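Below is one structure, written out as structure tokens; comments come after it.
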Amino acid sequence: MDALLFMIFAAVAVVCGVNLVLQTHPISSALSLVGVMAALAALYLLLGGEFIAAAQLVVYAGAIMVLFVFVIMLLNAGTEHKTHKSSWAKIAGVPLLVAFLGMVAWLIQGLVPATESVVFGEFRKGTALEIGRALFTTYLLPFELTSVLILIAILGAIVLARKEIE
Amino acid sequence: MPPLPFPAAAPLSWYLTLSAVLFALGVAGFLFRRNIITVFMSIELMLNAVNLSFITFSYKLKQVDGHIFSFFVMVVAAAEAAVGLAIILTVFKNRQTLEIDELSSLKN
């Protein structure tokens with residue numbers, strides 16, 4: 001059952017990822033990316049990361065993708081124009097990518113023992129309680145630093161989007 | 001019910017392979033696409049793939065640290081998206097284009 005669920009969501013993620021790369025219109029790519037993120041949230045849940053799965057849906061599929069879609073709509077971004085500058089890249093790139101992925105998959109199968117498998121419910125430390133405890137004890141300094149980072153990002157976004165740079 | 005042609009529980013290596021596949025797709029999108037917004041979305045895809053790796057290793061080591069790391073990756077990705085999209089807006093206001101091939105004023 002676990003493997004079946006993994007295969008379903010992995011297939012959704014890969015198909016949406018391929019669609020993201022192949023689509024020429026950015027809004028289609030954005031919707032594919034939402035599909036990838038939703039499928040990954042389900043996989044996080046299978047791995048026992050319930051807090052991260054919720055955060056993935058809220059932060060990534062919610063906030064960040066809304067920002068992307070908003071910018072695409074605002075700029076009225078259209079389909080990419082075709083250029084023939086890099087036709088050799090299309091011919092050589094795809095077989096090379098597949099070969100590279102085959103090699104990586106083979107390496108991973110060799111390095112990670114095949115006896116270990118993911119059983120849903122075996123890892124119970126992914127709750128909000130455990131993550132909050134780690135976040136506010138061991139990782140307190142990085143956590144506080146990210147708040148400064150977010151503040152800088154907000155200020156930077158406001159300054160950049162406020163008016164044209166002369 | 002007939003026996004399934006695959007193991008009942010997915011091995012860890014499947015998750016890591018999926019992570020590698022998604023990362024490679026992100027790299028491919030980053031290299032092949034010419035729309036600056038799609039390039040940016042490919043970067044987000046790569047960040048997501050790395051997050052899956054983190055969570056998988058967190059499961060293997062039975063520790064919560066991988067979850068914290070991917071949480072920080074999400075925070076940084078949110079900040080990056082806000083600033084990056086503001087930069088894209090500014091570039092579009094000044095140059096009226098989203099094609100990365102035409103944004104080459106720093107070349108030479």
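Values quoted throughout were computed directly from the atomic coordinates according to the rules given, and no laboratory measurement underlies them. Since the structure is predicted, the reported quantities are computational estimates derived from the model, not experimental observations. For neighbour counting, all protein chains shown are included, and Cβ atoms are generated from backbone atoms with ideal geometry for every residue, glycine included.
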- Item | Amide H partners (placed H, <5 Å) of B:A9, local residues excluded | A:A3
- Query: Out of the stretch A:67-166, which trypsin sites (Lys or Arg not before Pro) are coil in DSSP terms and have no more than 15 other C-beta atoms within 10 Å?
  - Reply: A:K82, A:K85, A:R124, A:K163
- Give the order of B:T97, A:T115 when sorted by the count of other beta carbons within 10 angstrom, beginning with the fewest. A:T115, B:T97
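Dipole magnitude of the stretch B:34-101 about its Cα centre, charges +1 at Lys/Arg Cβ and -1 at Asp/Glu Cβ only, in debye to the nearest 20?
In total the dipole reaches around 60 debye.
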- Taking the Cα centre of each part, how many Å lie between the stretch A:32-105 and the stretch A:133-147? 29 Å
- To the nearest 10 degrees, how steep is helix B:65-95 against the longest Cα principal axis of chain B, on a 0 to 90 scale? 20 degrees
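With viscosity set to 0.890 mPa s and temperature to 25 °C, compute the Stokes-Einstein D of the stretch A:3-139, Rh being the Kirkwood radius across alpha carbon pairs; µm²/s, no decimals.
Values: Rh = 18.0 Å.
My calculation gives 137 µm²/s for D.
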- Under-5 Å amide H pairs with A:G78, H placed in peptide plane, nonlocal only: none
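What is the average number of partner chain Cβ atoms found within 10 Å of a Cβ in B:69-79?
6
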- Query: Taking only the alpha-carbon positions of the stretch A:127-166 and ignoring solvent, what does the Debye formula give for the base-10 log of I(q)/I(0) at q = 0.14, 0.25, 0.35 Å⁻¹?
  - Reply: -0.48, -0.79, -1.01
- the protein assembly as shown - mean residue ellipticity at 222 nm from DSSP helices (-39,500 (n - 2.57) per run, n ≥ 4, rounded to 500): -24500 deg cm²/dmol
- Message: Along the Cα→Cβ direction, 7 angstrom out, place labels at B:V73 and A:V66. What is the inter-label distance in nm?
- Response: 2.4 nm
- Query: Fewest to most neighbouring Cβ within 10 Å: what's the order for A:W106, A:W88, B:W14?
  - Reply: A:W88, A:W106, B:W14
- Pairing the Cα long axis of helix B:12-32 with the longest principal axis of chain B, what angle in degrees results, from 0 to 90 and rounded to the nearest 10? 10 degrees
- Message: Using DSSP H assignments, which helices in chain A have an axial alpha-carbon span of 18 Å or above and a mean Kyte-Doolittle hydropathy of 0.0 or higher?
- Response: A:2-22, A:26-46, A:87-111, A:140-162
